[in-house]
């Protein structure tokens, strides 16, 4: 039986991945902040009693490590770890209050990815001698080039892509494959708040199916959907003299305000 540990599992991409893995007979460890949403997800999965839920904030590294240890002890082996939890919110450097938002985005998106992987590596080195093991980082097309009004999100996703590349090389001889997936626009509750057109918007379950194929293959890096991969290649090649004036006028994700927190964890997409 395949065993899979997923953060940000209560909705969106995380929940869709959980549903597809469970339909394949996998045993799941599911992490998110809200106990009620996790329990609702667990109960609608096939073989609900096979799955373990952990209500915690991924920035609580001790709680995350304890959840990893518990799941390893129950499952006996862990084949796939998917660091999916993330925040997407607009930020502007000129506002002093956004400094705390920058820190929180980096802590949740980047540092929590490291904290998610760390407790599993020694265990997976042993498991990888017998069967495939995967560490999966969720980046974003928004990490390919910096988007105006999304400095924190773009920086965190670019950092995840580079971090996973470093880890992939570090673990090359261990048998553990490090897979980086960069979603484009995926139809989730988070993207429905975006105030702009989203090209190649992909249904979340179609994304989950494509992501699982990528993970099973142990591919080093994939942009999903493939159309956004072409867009990403074009964006990489654009000189700053063309990129800057085109994206200067792009619509931007709303910032947080003192009275309304526009925060979403557990889903990722191009911003």
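The values are calculated or read from the model by the stated rules, or taken from the named source; none is laboratory data. Everything numeric here is computed off the predicted structure, so don't read it as measured data. Here the Cβ is made from the backbone with ideal geometry for all residues, glycine too, and neighbour counts use every protein chain on show.
Taking the condition farther than 25 Å from residue 2 by Cβ and buried (at least 18 other Cβ atoms within 10 Å of the Cβ), does residue 166 pass?
no
Residues of segment 12-45 being in contact with a strand residue (DSSP E or B) (Cβ under 8 Å, 6 or more places away or on another chain) and outside any helix (DSSP H, G or I), which ones?
Result: 26, 27, 28, 29, 30, 31, 32, 33, 34, 45.
Please give the number of the condition residue 187 fails out of (1) over 16 Å from the mean Cα position of the chain (by Cα); (2) modelled with pLDDT under 95.
(1)
Could you check residue 142 against (1) in a helix (DSSP H, G or I); (2) free of Cβ contacts under 8 Å to residues at least 60 places away in the same chain; (3) in contact with a strand residue (DSSP E or B) (Cβ under 9 Å, 6 or more places away or on another chain); (4) more than 22 Å from residue 218 (Cα to Cα) and say which number it fails?
Only one criterion is unmet by residue 142, namely (2).
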